[in-house]
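Take a look at the structure below.
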Ligand SMILES: Cc1cc2nc3c(=O)[nH]c(=O)nc-3n(C[C@H](O)[C@H](O)[C@H](O)COP(=O)(O)OP(=O)(O)OC[C@H]3O[C@@H](n4cnc5c(N)ncnc54)[C@H](O)[C@@H]3O)c2cc1C
């Protein structure tokens, strides 16, 4: 490998920086191909305090493991720096004399601002930030309706999304000439990995994600349409964290799905479209990450998140499927989609705590925590989002449990105090003679009553 030192401000033809962010892979990576066309490539990851600070330990630990896997795939050359990206990226580009810094475009509100600041800083040295590709099948902001405006509802968006189509996976990387640590660059500023206690994470990295996808294609996809709503079965792909960090690109998955004819393949494609949809919504309405997408719902009365919120977060509400979901969150950093909806509805409509508190708790603990999918998922349940589940559709935590966990296996897996209760009776411990024999808590609210309170308040706001 050639040494790549340069004096500040000068550029060397034939050297580029590839700044990894949410694209921690080497295959199906258009920005990597663009960087390799420039010549030797310095692979960089910047630990940005603005993102690292608010992330929970689970996301931090997963990210570090994913970076370690990427570093191994790069032969130990990944440069990891800590600091404000505009300063760090500019300094590294100066150091190796790169004329261009290549990235996959970020579509989130913070990422767009940050990238504009980095582009400005680089331009001062007559260097360029080159954005190639995005983490989505179709770049956010691309799909517009007949009047040239963004879609606000999922179904027409998904139709336009399918009609628009997406590119085939990018070519394999070939022989990239990587630069790295030791060549004028001291870049081993890895943060320490947080201690997760008993929490277990899936194996991180591009190869592990591909293996998981192959296993799902072979054994899970055909039945995905029926199985995806069953938290007691492992019927979903469990790839949200890999998609979040770009260990896999959705384009790769969509190319494989084209070869499949099952209903499961069609349903899975729709789920990937939801991911694109929420990113598109966030692109067009960056305020909707924190503010109500439908402002009229902001007038609902909410309680302060006191003891009831703590009971919810710790899985001690006395409603078995809600408690199982929140304990799953704490023990594996992931929750089944059906259960995410149940626990979110319970917080907002039974405990009358505003969705923003729940969204924050999820972002803090989820390994796949993603601003677009999470905050719009919460707004969907709270009735204030796009294509919203109407506010008056309140999930009943008992019948939802009985329907989607019919034998009670999911609840017993996560709630040890109820393991002695057999079958579906586990969803109604109050009807079982020894239901509370092992310390399971009594219900903290009466669902039927709280449902009426929520609906009355909704009628007031609508009225
Ligand atoms: C309140 C709430 C919060 C959520 N927070 C997040 C989050 O922070 N990050 C996240 O990735 N997903 C989130 N989701 C969506 C969904 O629950 C997860 O993507 C899914 O459970 C991940 O498991 P999986 O990979 O096995 O999904 P699968 O069923 O195998 O689906 C495949 C992929 O499609 C995408 N997907 C599936 N459902 C949705 C959806 N409703 N919205 C957007 N994308 C979807 C995901 O990328 C997922 O990995 C949330 C949903 C709700 C209701």
Subset of segment 262-289 [away from the ligand (no atom under 15 Å from the Cβ) and in a loop (DSSP other than H, G, I, E, B)]:
285
If you check residue 385 against the conditions, is it in a helix (DSSP H, G or I) and either touching a residue at least 24 places away in the same chain (Cβ under 8 Å) or out of contact with any strand residue (DSSP E or B) (no Cβ under 8 Å at 6 or more places or on another chain) (or both)?
no
Failed condition for residue 288, given (1) within 30 Å of residue 424 (Cβ to Cβ); (2) surrounded by 21 or more Cβ atoms within 10 Å (Cβ to Cβ), with all others met?
(1)
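Table: residues versus (1) more than 15 Å from the ligand (Cβ to nearest atom); (2) more than 20 Å from residue 373 (Cα to Cα); (3) surrounded by fewer than 21 Cβ atoms within 10 Å (Cβ to Cβ).
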| position | (1), (2), (3) |
| --- | --- |
| 197 | yes, yes, yes |
| 225 | no, yes, yes |
| 232 | no, yes, yes |
| 246 | no, no, no |
Can you run down the residue pairs with Cβ atoms below 6 Å, 6 or more apart or on separate chains, where the first is in segment 213-240 and without any contact (Cβ under 8 Å) to a residue 40 or more places away in the chain and the partner is part of a helix (DSSP H, G or I) and surrounded by fewer than 19 Cβ atoms within 10 Å (Cβ to Cβ)?
233/227; 235/227
Of the residues in segment 364-380 that are without any contact (Cβ under 8 Å) to a residue 60 or more places away in the chain and within 6 Å of the ligand (Cβ to nearest atom), the one that is surrounded by the fewest Cβ atoms within 10 Å (Cβ to Cβ) is 374
Would you confirm, using the coordinates I've provided, whether residue 242 is within 16 Å of the ligand (Cβ to nearest atom) and in a helix (DSSP H, G or I)?
yes
So residue 390 clears everything in (1) near the ligand (Cβ under 8 Å from one of its atoms); (2) under 17 Å from residue 154 (Cα atoms); (3) in a loop (DSSP other than H, G, I, E, B) except one condition, right? Which one?
(1)
With the requirement that a residue be away from the ligand (no atom under 13 Å from the Cβ) and either under 22 Å from residue 55 (Cα atoms) or assigned by TED's automatic domain parsing to the domain that holds residue 224 (or both), what does segment 313-352 give you?
313, 314, 315, 327, 330, 331
Quick one: residue 152 ticks every box in (1) at pLDDT 95 or above; (2) surrounded by 14 or more Cβ atoms within 10 Å (Cβ to Cβ) bar one, so which box is it?
(1)
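The values are calculated or read from the model by the stated rules, or taken from the named source; none is laboratory data. All of these numbers come straight from a predicted model, not from anything done at the bench. Positions of Cβ are backbone-derived with ideal geometry, glycine not excepted, and every protein chain shown enters the neighbour counts.
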